[in-house]
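The values are calculated or read from the model by the stated rules, or taken from the named source; none is laboratory data. This is a predicted model, so every value here is computed, not measured. Ideal geometry is used to build each Cβ from the backbone, glycine not excepted, and the neighbour counts take in all protein chains shown.
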Amino acid sequence: MTSGMAQAPEPSAAFGDWHGGQVTERALCVLCPNPSPMTLDGTNTWVLLEPGSTDAVVIDPGPLDEGHLRAVVDAVSARGARVAQTILTHGHADHAEGAGRFAELTGAPTRAVGRGHDDLTDGDVVTAGGLDLRVVATPGHTSDSLSFALAADHALLTGDTVLGRGTTVVAHPDGELAAYLASLERIARLTGDGEVTAILPGHGPVVPDASAMVAFYRTHRAERLEQVRQALADGAATAADPVLAVVERVYADVPREVWPAAAQSVAAHLDYLRARG
Ligand SMILES: [Zn+2]
């Protein structure tokens, strides 16, 4: 099944070798100690700071882990700065659950799409101490997924839309495949015109060749869609549980603990195919 499939670009760090740290002039990753098959090495909390400025932007404080939240605050203070704004790439707990506590620790407002937060809209520019961050709406993993372009460093912070290793989940029913494919196309355009050369993902190591990774993501998604179509034609369509039948055929080679996530993605593929007859 894997023969002839697109190969992922080599990750910039092997599992266990990614520890975060300063990856571009303005971006520092504080890695949360919550590794798992779904969160890879753990959640990447990003601290963005313009050189010479004292106002930092934090993206995704992570889960409600007091030690981690305090480590983020300490990393900001160690640079002589304070947290001016906190932004969420999306509402999943491993990115957002600690946001309330983090706001208590920092006094900084939290911004995201929906869920009672100040809404951010595509094209908004978040500014803090000379740092400019442009909001790029990238729904698909979830409906509220945002990416952020840090033009000064030619970097895009992608949350779970593009990861540093492996591929992501289309979290059906909130996530939608058509939206996800459109978001990948949008990121491909940003990498194509050179605005973005590096991806700073929500999980896994920094992606130094954004263009290659996005090309792989698009090919992988097209291959998966074809596999799902084939599995349906091979009998899964008439199984008692078509989603499970597709997962058994298409995800036979992935650990069973990620099957629930695979089932979400498969359900998203089935919706996509259904909507297109
Ligand atoms: Zn997520």
(request) Taking the options P11, P37, name whichever one is crowded, with 17+ Cβ neighbours inside 10 Å and at pLDDT below 95. (result) P11
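Taking the stretch 89-110 as the search range and keeping residues that are of a type in the set (G, A, S) and more than 16 Å from the ligand (Cβ to nearest atom), which one is farthest from T127 (Cα to Cα)?
First pass over the stretch 89-110, keeping only residues of a type in the set (G, A, S): 91, 93, 96, 98-100, 103, 107-108.
In the following step, the residues that additionally are more than 16 Å from the ligand (Cβ to nearest atom) were identified as 100, 103, 107-108.
Values: G100: 21, A103: 18, G107: 17, A108: 14 Å.
Residue satisfying both the conditions and the ranking: G100.
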(request) Give the stretch 100-125 a look and list any residue that's among the aliphatic types (A, V, I, L, M) and at pLDDT 95 or above, or say none. (result) A103, L105, A108, V125
(message) Can you report the number of residues in the stretch 124-148 which are closer than 23 Å to E97 by Cα and away from the ligand (no atom under 16 Å from the Cβ)?
(response) 4
(request) Look at Q264 and say whether it is in a helix (DSSP H, G or I) and farther than 25 Å from S36 by Cβ. (result) no
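List the helices (runs of 4 or more DSSP H) inside the stretch 40-146, counting only whole elements, that have at least 2 residues being in contact with a helix residue (DSSP H, G or I) (Cβ under 8 Å, 6 or more places away or on another chain).
Details: elements: 66-78, 93-96, 99-106.
Result: 66-78, 99-106.
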(request) Specify which of the listed residues (T86, T121, T167) is of a type outside the set (F, W, Y), more than 16 Å from the ligand (Cβ to nearest atom) and surrounded by fewer than 22 Cβ atoms within 10 Å (Cβ to Cβ). (result) T121
(request) Kindly list, by first and then second residue, each pair from a residue in the stretch 83-111 that is of a type in the set (D, E) to a residue that is within 16 Å of the ligand (Cβ to nearest atom), limited to pairs with Cβ atoms under 7 Å and residues at least 6 apart or on different chains. (result) D94/N34; D94/T39; D94/T43; D94/G62; D94/P63; E97/P63; E97/L64
(request) Pairs only if they're at least six apart or on different chains, beta carbon under 9 angstrom, first in the stretch 207-229 and free of Cβ contacts under 8 Å to residues at least 40 places away in the same chain, second surrounded by fewer than 17 Cβ atoms within 10 Å (Cβ to Cβ) and of a type in the set (D, E); list them, first residue then second. (result) R218/E185
(message) For the condition more than 17 Å from G202 (Cβ to Cβ) and either within 19 Å of the chain's Cα centre (by Cα) or crowded, with 21+ Cβ neighbours inside 10 Å (or both), what is the one hit in V76, V72?
(response) V76
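Considering only residues that are within 13 Å of the ligand (Cβ to nearest atom) and either on the phi < 0 side of the Ramachandran plot or part of a loop (DSSP other than H, G, I, E, B) (or both), which ones fall in the stretch 149-164? Before the answer, list the steps.
Initial filter on the stretch 149-164 (within 13 Å of the ligand (Cβ to nearest atom)): 158-163.
Correct list: T158, D160, T161, V162, L163.
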